[in-house]
Structures are given as C-alpha cells and as structure tokens.
Amino acid sequence: MAAVVVTGGIGTALSAKTNKITDKAMMLRGERFPRIIFHLVIMYLCKAGLENASKCVQQFITMLPNLISEEDQCKNSLHFIIWSLLRVRSHYGELDDGARFHVISHLILETVIYGKSMLATSILGKDDSAEANSNKESGFILNLVQKDRVLAAASDEVKYMKDAKADRLRQLQDLNSKLDERLIEDIEQLQSLEDDIQFAKTAAISGDDNRKAAFKLAFDEDQQIVADKWIHIFRALSDERGPWSASPFPNNLVTYWKHDKTEDKWRRRMKLKRNYKFDERICQPLSTKSTNENTAPSVDPFVSAKIPEKMKRFLLKGVRGITGDVGSESCEDNNDTSEPSQNKPSENQVSSDAANSADSSDYPTSSVQNRKEQSSTGGDNDYAEVLSSVHCVLVTPKRKLAGQFTITRNALHFSFEFLVEGTGGSSVFNKFQDNKESDAKSELGSVEKLKGNSDVGRGNEAGSGDALMKSQSSKIKHHRRWKITRIRAVYWTRYLLQYTATEIFFDDANAPIFLNFSSQNDAKNVGSLLVSLRNDALFPKGSTKDKNSVISFVDRKVALEMAESARESWRKREISNFEYLMILNTLSGRSYNDLTQYPIFPWILADYSSEKLDFNKSSTFRDLSKPVGALDAKRFKVFEDRYLNFCDPDIPSFYYGSHYSSMGIVLYYLLRLEPFTALHRNLQGGKFDHADRLFQSIESTYRNCLSNTSDVKELTPEFFYMPEFLENLNSYHFGVKQDGEPLGHVGLPPWAKGSPEEFIHINREALESEYVSSNLHHWIDLIFGYKQRGKPAVEAANIFYYLTYEGAVDLENMDDMLQKSAIEDQIANFGQTPIQIFRKKHPRRGPPIPIAHPLYFAPQSITVTSVVPSAISSSSSVLFIGLLDSNIVLMGEELILSVKLWLTTQLQSGGNFTFSGSLEPFFGIGSDVISPRKVATSLAENVEFGRQCLAAVQIHGDNYLILCGNWENSFQIISLSDGRIVQSIRQHKDVVSCVAVSSDGSVIATGSYDTTIMIWHAFRGRSNDKRSKNASNDLSTKDHVIIENPSHILCGHDDIITCLFVSKELDIVISGSKDGTCIFHTLREGTYVRSIRHPSGAGLSKLVASQHGRIVFYSDSDLSLHMYSINGKHIASSESNGRLNCMELSCCGEFMVCAGDHGQIVLRSMDSLGVVWRYDGSGKTITSLAVTPEECFLAGTKDGSLIVFSIENPLLRKGGIQRNKVKSSVG
C-alpha cells in the first residue's frame, strides 16, 4: 500500500481502480489499514503542498464510511482522529496564507458529520450549520471529543507503535538472518566454484605435466636406444670381423668376458659375453698396480681400431650428438685450441666411454627394431595411457637401482632415479621424496640430475661418497623397457624375508627382473595387473584362449599347487633332478638377481681324491639325509654341544651360526666370473681377499665344509652346467698362496682329468644318478620341506640362527629405524632360509623307465624294425626328413614333397605316450597325408641342395616347409596341408643357401651366397583373427606366414654360408661358412660375440648345436668332427670315418646321430664325441635322418627308401637291461 501511495499518491492508492488492492491490503493487514490511511492523511496535511493536501482530504472524505463503524474501538479512534486534526490545524493552519486551515477544517467537519452518531450526546439538538462558521467552532468540536476515549486511542496507538516497532525489529532480524544464510550459501557456492576451478586447473596442469613427462620419457628412451644403435654399428664396423677391423680374425688379441644373464628353459645361464669395460689393472700384481695408478682402464680393442678418420669422426659425432656431449663435438669440428687440454678427451677415450655406456645396463633395453614394431601397433602412445606407476627398487646381482616402475597396456618401463647403497631395504623408499624435493631445486634444462644416496653429515668422506655414487650413476642406463606380451610368468616373492617383491620372467631370452616395492599390496597389485594385461594382450575379448598359454599370478597358493605338480612329475621321472631343483628354488623365492637368496644345490659327491668314480658305491656320494653341518660326526659334536648349552632370553638355540647359502658364499664360488669378481672386490674394500681364503680347489672346499665350524655351505647351480666359473679366463691376479704358488684356475679332482667340462659332466651325471634320485627327497625335506622348521628340524639337527627364518622378527611394524636397518643388514649378509614349500614328508622318486629313454639306458636295443621302399618315388633320394607332431615330411632330390603319418603306441591307443600299460610299443610309417607331388619352383644352377636348404616348422598350429636354393634368390614357405606355396620372400642379393628354425618355430634364419645371414620372425597373429580390423592390412598379409622385413642382417663371413643354428632360449645365432669359421651373434640384438675357426681352416659343411651349449661342426674337406662349447672353447675332435650326409641331435640333446655314404648310423655322445653305438643301415647310403621324440631313427636312403629304427628288445620292455655306460672311467 505504501508503495502505491509513494509512486502515485494517495489518490491513486485509494481510487476505484485500486479498490481491489485496498481490499486486499485490508484483508492482509486487518486493523492496520485505517491507521495507515490516517497517518498518510496527517503526513499530507503537514508536509504536502496545498493542492495535494486538498486532493488527499477529498479522497479521505470518500473513505470515511468505510473507516467509521459502531465498534467501541472505532469510536475511540474517531475521537482520536478529530483531536489529532485539531492539533494539526492549530500548528499548520496558518500555512498557505490560511488556506490550509480551511482544508483541515473541512476535513474535521466532514469527519464529525460522518461520526456524529458515535460522538458525545451533547451534539444532539444543536444546529450544526450555524455553529460551523462561528468563532467558537474549535471549542465546540473539542467539546465533542471525549478525553478518555482520546487517551484510550492514544494508548492503543502507542501500544500499536511499540508492537509495530517490535514486529519490524523481528522482521529485520529475520531478514538479517535470511541475508546471513544467503550470504553463507553464496560464499559456499563461490568456494565450491573456486574449488571446482582449482581442481580443473590442477587436473589440467597435472595432465599436462604427465604428458610432458611421458613425452620426455619416451624421447629420452628413444635417444638412449638410438645411441645404443650407433655404438652397435660402431662395434660391428670395427670388431674383428668388421670391415674396419685393425686386427682381422684370427688374431692374438686378448678378449675379456663376463657372465651373460640369458636363461634357457631350465634357468641355466651358460653363456659369456664380451666385457667392454674390463680393467686390466686387476690382472696385475699389487706392486705393479701401485706404480700404474693413473693408467686408464682397457679400451675395447675393436673400438680403438685404426679406422678411416672421416668415418671415425662421423660416428663419434653421432654418438656425441645423441649423448649430449656438445662441447666435445664443437671442439672436434672447429679445432678450437683455446679450450683447456684436460677438457678435450681423445677419440679413443670418447669411443671407449660410448662403448661402455652401451654395455652398462644390467638388463638390455628394447632394440630399435622392437620400437618400430611397437610403433606399428600403437606403441608410440604407450606412455599416454599409464595404468600404474609406483616407486620400486630394481634388484640386480651387480647393483640396486631405485626408480619409477610404469605399466602401460603394451609395455613395462623402469626409469632410474638413484643408486641404492646397502641392502636396499624399507628405508630406501623414504629417500624418493628427498630426491624429489632436490630435483625441484635442480637447474632447469638439465636432462636428468642423478642423486647420490650417502648419509648427510659425513664431511669429506660423505662428499667423496656422493661423487662416487654420481660417477657410477652416470654409467647406468636410465630407461629399461619390456613388452607385456613377452611375459612368461610373474611370481610374488620375498626380499629380506618380507613379501614385498615381484619377479617377472620373459619368453624371449630376456633375463628375469626382480622388483622390490614398499609394501606387500604394491607387489601383489603390480603382479596381478601384469598377468591380467598379458593375458588380455595375447587373448583379446572374443578370441579363443589356449589354456596352456594363459598364466596366473604365482602367489603362495599357486606356488604350492605348482610345487605339488612338479613333485608328481619328478616322481614319475618326467623331469630330471636338476629341473626339479631349479623349479623348487624358483618357487621358494631363490633368484639369480638377488645374491642374498641365490639358488641352492646340494653337494652330491663325497669323493674328490679318486682317479675314477664308481656310482654303484654309496660312499661315492654325500649323505643327503643330513645337513652339511652334520656330515662329519666329530664336528657335529661341537654344534650339538652349542645347541644344548646355548642360553639366551632373546635368541633361540641353534646348531649353526652360519648359513648354507649367503651372498658371501655366492661370491666365493663365482669369484672368477664377472660381475661377481667386481662384487667380491667391492666387498673386500677394492681388492681381492688373501689368496689362501679364496676358492682354490673343489677338494679343499669340500673338506673345509666338513671340518670348519663356521662353514656349512652348499653349492650353486653353476656346479652342474657351467665349467667357465672354474677357470680364470680373464687372467685375474688373485695373489700368491702361502706355499708360493699363484692362485689361478680352481683345482679339480683327479677324476676330472684336469678338465672343467669333465668335472661339470660327471657332477651332473652324479646328480642324475640312481643313488641321488633315490635319496634326493631327504635333502628336499631339509631345505624346502617339513624338516626346515619345528620339531622335525630339531630332530634332523637342521636349526640355524633365528634371523635367517621368515617371521622371526616383525620388520613391517618395527618403529626403531636403526634397529630395523641393522636387522636388514644381518638378513642380507648372513643368509636366508628358503620359503617352506612342503609341510609333509616328500615322497621318494619312482623307479626308472628304461624304455622311455633307450638311447640313455640301452642304445643297443634299437634296431631296424621296418623299411618303406620308394617312400617318395622309385628314383628320388630322400634328402630331407622332418617331424611335425604325428606327420613325417619328406623331400626328394627332384623337389618331390610327401607327408606321411607317423604311427606310435600313443596314436593307436588314443592316450598319452606311456609304457606302463599293457600295449606293446609300436612305431611305423602310416598312409600319405599328402601324396607325392612336385613343388612348383626351380632351383638355382650348381646349388648344393640338401638338408640345409629345408626346414619344417609349425606356426600357429599350421605346418609349413621352408625351402631355399631358388634361382630367384628367394626362399619359399609351403603349406603342408595342400603343398601350395603360400609365401615367397626375396631379400638376399644371391642364392639362399641354408635355413634354420628356432625350436618354437617363431624365428627363422637364412644364409646366402652373399655371405649374410638374415633373421626373420613369424607373424604372431593370423590375418583372419578377430583382432584384425585393418582391411588393407588383411589384404597385404592375407597368406603371409613370415614378416617380410628381416629383423637383423648379420655380416662377417667371407664366403658362402653353409649351415646355421638359431635358438631363442640361448639368444644365439651360429653360422658356418666355406671360409672355415663359425660366427656367433646374439639373436635379440644382432651383436657380434665371437668366431671359431676350423683347426685346419677347412670349409664347414654341417653344424649342430644342443640346448646344453655344445656345438659340433663337420667339414667334408677333412671328414672331421669338432666340438666346442657355446663359449668358444674346444672340447673334442673326432674323425667321421667317411663322408657324412646328415647329422641330427636327439631330443634330449645328449646324443648326436650321424650317417652318410658308409651306410651306418653312428650314435655319438655330445659330451666327448665318443661313439656310443653303431647301427647297420642295410648297406644303403643314407642321405637324410631324423630322431623322433620316442628316440627312434628315421633314415632316408639314396634309393628312396625310408628305414625305421626302433626298440625291438623284449628284455628292455621288462626293464631288465641296465644302462650301457658310455664312459667306463665314470662307471
């Protein structure tokens, strides 16, 4: 109402048009309305102009009937109104020259007239008109007003004003409260908006930082890979088989070696690789070293070769440009002589540094070829989709590296941050934050600043320690990458007796990696994620899963299940003793990567003084039912007394204060092998221990283990497969013993005949002997089984110091960091008992099954059982026999192909191949799978077509034959389902002369008349797989089996390549040539390793290599056989007694089967080339040969016949024939 009045005046407010508003206001406000009208009228009469006041009066007069009623309260109000108007007239009536007086008087009169019925009774009977204009008007009207009613109305007005004031105050408070609430809501909304903006800003910045870090990481890794490639090119050009070699092979250059981490399927690390960082000063006596302290470490002789200056500068410029050595580059290019001489490294020095950087990685990174492979499958975006990133420590035998472990959908990546000193326990994870804060203060633009890990406050010593750590860090590769699809197994394992580690195994000859995390949850989460990603990558949604290829995360439950499965396989003699022990070591947490828990093997033999060993005597062997400490009764009495009399409230009683496996024991045994040599020197303060305390001889070490109360050590796996650790191959100067004799090679027992290879062979034979097979379960109970702990351990005298056992102390909840660090140091240095696998008594191994391995137990039982004449055609010699599952692949000299069925007991019975049932063993040739047909290709003129030109391979379940020697310089892939040529690859510049295939069929190697070897990979997936979505790609690779671009082109030979061997497990490619040499290259990287030359320089014709690391090559020129180890050492030679047309290995790799023009099949040992047995081939010239998994022979002859040699001795089937000993000196 007030708003209406203010904007339009009271006339507008009270006009007919606004009656509805007035009515509504009256209804809403009740009695307040008259008061408001009256107050407005008074305000107009006092303050408004005369005209507005007059209008207001007229409008008010029209409302009087609505305002005046008969109610008593209304009467009081009427009296009060009249009284108030009189008062107003008396004060404001003189305004406007008295005109306002008349206006007010008119209003008073009208009010009195309308309310006369409610005024005093004295008004009755008077003449109102006569009195109205008299001077006594005011007094008259005043007389009509009753004082008590005016006072009552005034009192009501005062009360009303107080109530109104209180009401307004209350409304004001409510309004203020609502304003406060609204303000709080606005503030909260504003804060929420600001939080949302800040979150979006932070997320955007974080995402941008992550992208920057990802791109930088990828860039740095690419730079590292390219730098490695440059260095590999440099070495390839300058090594002894390179075009720029200053000392071409053969030469007298001294080459230094170190242990290669490549593992085969039995987890043997048999290989050595070149040590480009060898320091020749450790080969000199101490007196000589002291006078030559400033002599630089040896430089790679091939890197420092006298190569053309322009090409050297070109290569060095490339390396420096990538490694960021801009100063050196500018000095060389500009010939700036103003630079200080000490800042200008020589070319050889820079070359050496570059070469060292390429070899500084404990785990090689992916090659450029691998990165190309990844980019084609979206690998460039690997870092853009990080699924997990966590801090961890990469544990290697040589060092411990702290860094960030990142998992993407396609790859694993480790980014090095700093070197870890000491044990690398839980305290190292507190240093990540310190290094992060230090990084934030580092200079912008630096590629990566490496941090030391020394404690603060050590003065000059700490400073020198920091400098040493930074110097070591600068030689470490910062980036390591592994493919998700290459993961073979993921194990949850222990580090320092805590389940915080994960070990990851790969299937491409990459060494396993051992990662320690800050907590058990991190270790389990990473392991589970890797397994899931690997399975999803190999078997996408919608594809068919191969149950044998799907892996599970090996936690403790799965490990126990695997152990039980392996136990049954061992008991049934399906795996060897060595294999079983390696499986148990892996499942119990023992690792090559962690020297504090290295794999454990038992002492097997007890006789190290005899000229010959008799495996039929139990005295030849160690008692496997007792721990080493209990083998000697006299010494055990000392241990027993200590156990019975030991009394300490905090430390439980124990028999042995030292352990059977520790880092010191590993370094003691492997002293002569890098990197263990360097680790031993670091442990001894930078020098070798006294010569008399080093590993001198097998006999003295075993004797010390029986007599010394602080020595109860067992063996390491190398005692059963690696003779090189017994030799001082790098000519280290270990010092002179007290008797004046310098310490060199390890002294061997008389029965080893001075040969480390013979020692390893006999030791391995002893491990697989019947005595050990019958008693090995006792030793397993002690180390991995129920006698490891508790009452059975006490009864077996198998109790060690309590800190060697898991759970002895709760490190996870220990608050005292100093005490925790001290305990971790003790655990790391003094031994750790393996994880207990078996809680019950281990079963004994089952009896041998001679018929399952006739070549080993009774080679004389094999004889000719069937002959198939004209296997291919009447006049075609059988040049090739291949075996793929149950198929026999035959190829004749006229390119006639045939595939026949191989019949065995397994196929006839429909069950597994076993000899325990009632079925008699049966082997024979079945019907044709593919009838004889000519392959639609032509051979080159004068090519020597034979076994070396053919290879049978199975890829993704389909069988193929690879054929080379074609006139168009190609090799062809032939489908064995229909004989059709499905692919022809032409990359060589001359005729392809030979081919070899890896055991799993995924890698193919081809050699050529152009003297090169090319490495090829099979397609991992078929083009019709549901994963293929690119139609154009499907068309281009519709029938492709092999990727048509070689992954490596290997050079070095000077003549035609005649024979090849390739192995993924051993990561090796061996090539033989008419130039009389064998060259060894790595398969994964394609790097040169070594060369072997035929003793007389004759051209090589054939070559075989076993999975045990033995290589035999044959030359038609002198009809001789020569055996070498995989590390290039000559082992044996033998005459072939005739021209050999074929050489094949048995599936076990322990025997070689040869045949040729003399018509006999000769079985030779792959340990000595000794003849085990000769088989008459019916006088026919044998042109091809194959050995089946059942150890039968299939021989193809020149007249086209196919001869089957198999078991035909009924006594053997009853197990009545003992094994025919190959070496009588061992028997």
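Miscellaneous remarks
- Residue in the range 173-181 that is polar (S, T, N, Q) and open to solvent by less than 100 Å² (accessible area, probe 1.4 Å) present: yes
- Subset of the range 626-644 [part of a helix (DSSP H, G or I), of a type in the set (Lys, Arg) and open to solvent by 40 Å² or more (accessible area, probe 1.4 Å)]: 634, 637, 642
- The set of residues in the range 535-557 being under 16 Å from the mean Cα position of the chain (by Cα) and among the polar types (S, T, N, Q) consists of 535, 552.
- Only residues that are surrounded by fewer than 22 Cβ atoms within 10 Å (Cβ to Cβ), among the polar types (S, T, N, Q) and in a strand (DSSP E or B) were counted across the range 477-517, and they come to 1.
- Qualifying residue in the range 750-759 (condition: modelled with pLDDT of 95 or more and within 30 Å of residue 497 (Cα to Cα)): no
- Checklist (1) under 34 Å from the mean Cα position of the chain (by Cα); (2) surrounded by fewer than 20 Cβ atoms within 10 Å (Cβ to Cβ) applied to residue 827, failing item: (2)
- Residue count, the range 1127-1160 (criterion: of a type in the set (A, V, I, L, M), open to solvent by 10 Å² or more (accessible area, probe 1.4 Å) and out of contact with any Leu (no Cβ under 6 Å at 6 or more places or on another chain)): 3
- Residue within the range 518-526 that is in a loop (DSSP other than H, G, I, E, B), open to solvent by less than 50 Å² (accessible area, probe 1.4 Å) and at pLDDT below 95 present: yes
- Test: residue 1119 is without any contact (Cβ under 8 Å) to a residue 60 or more places away in the chain, in the same structural domain as residue 948 (by the TED database) and open to solvent by 30 Å² or more (accessible area, probe 1.4 Å): yes
- Which listed residue, of 234, 219, is within 35 Å of the chain's Cα centre (by Cα), surrounded by 14 or more Cβ atoms within 10 Å (Cβ to Cβ) and modelled with pLDDT under 90: 234
- Residue list for the range 769-803, restricted to those being among the β-branched types (Val, Ile, Thr) and open to solvent by less than 10 Å² (accessible area, probe 1.4 Å): 772, 780, 783
- Only one entry in 605, 587 is under 26 Å from the mean Cα position of the chain (by Cα) and in contact (Cβ under 8 Å) with a residue 40 or more places away in the chain, namely 587.
- Test: residue 745 is closer than 30 Å to residue 275 by Cβ, open to solvent by 20 Å² or more (accessible area, probe 1.4 Å) and not small (Gly, Ala, Ser): yes
- Checked against (1) closer than 21 Å to residue 159 by Cβ; (2) at pLDDT 65 or above; (3) open to solvent by 20 Å² or more (accessible area, probe 1.4 Å), residue 37 meets all criteria but (3).
- Selection from the range 940-955 of residues that are within 20 Å of residue 1017 (Cα to Cα) and in contact with an Asp or Glu (Cβ under 9 Å, 6 or more places away or on another chain): 954
- Residue under evaluation residue 1070, criteria (1) over 31 Å from the mean Cα position of the chain (by Cα); (2) at pLDDT 95 or above, criterion not met: (1)
- Test: residue in the range 540-562 that is outside the structural domain of residue 426 (by the TED database), open to solvent by less than 10 Å² (accessible area, probe 1.4 Å) and of a type outside the set (Val, Ile, Thr): yes
Listed here are the residues, each with its yes/no results for (1) among the hydroxyl-bearing types (Ser, Thr, Tyr); (2) in contact (Cβ under 8 Å) with a residue 12 or more places away in the chain; (3) buried (at least 17 other Cβ atoms within 10 Å of the Cβ).
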position	(1), (2), (3)
565	yes, no, no
596	yes, yes, yes
599	no, yes, yes
618	yes, yes, no
624	no, yes, yes
646	no, no, no
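- Which listed residue, of 668, 702, is open to solvent by 40 Å² or more (accessible area, probe 1.4 Å) and aromatic (Phe, Trp, Tyr): 668
- Any chance residue 896 is open to solvent by less than 10 Å² (accessible area, probe 1.4 Å) and either in contact with a Pro (Cβ under 7 Å, 6 or more places away or on another chain) or touching a residue at least 60 places away in the same chain (Cβ under 8 Å) (or both): no
- Residue 1167 passes every criterion in (1) open to solvent by less than 10 Å² (accessible area, probe 1.4 Å); (2) modelled with pLDDT of 90 or more; (3) outside any strand (DSSP E or B) apart from (1).
- Residues that are of a type in the set (Asp, Glu), more than 23 Å from residue 725 (Cα to Cα) and part of a loop (DSSP other than H, G, I, E, B) within the range 1118-1150 comprise just one, 1118.
- Of the residues making up the range 952-968, those that are surrounded by fewer than 19 Cβ atoms within 10 Å (Cβ to Cβ) and more than 37 Å from the chain's Cα centre (by Cα) are 967, 968.
- If you filter the range 717-734 down to residues that are of a type in the set (A, V, I, L, M) and part of a loop (DSSP other than H, G, I, E, B), you find that the one that is surrounded by the fewest Cβ atoms within 10 Å (Cβ to Cβ) is 729.
- Residues that are in contact with a strand residue (DSSP E or B) (Cβ under 7 Å, 6 or more places away or on another chain) and not in a strand (DSSP E or B), drawn from the range 854-884: 854, 855, 859, 860, 861, 871, 872, 873, 876, 877
The values are calculated or read from the model by the stated rules, or taken from the named source; none is laboratory data. The structure presented is a predicted model; accordingly, all values stated were derived computationally and were not measured. Backbone-built Cβ (ideal geometry, glycine too); neighbour counts: all protein chains shown. Remember, those area values only see protein heavy atoms, side chains included, never the ligands or the DNA or RNA. Shrake-Rupley method; radii C 1.70, N 1.55, O 1.52, S 1.80 Å.
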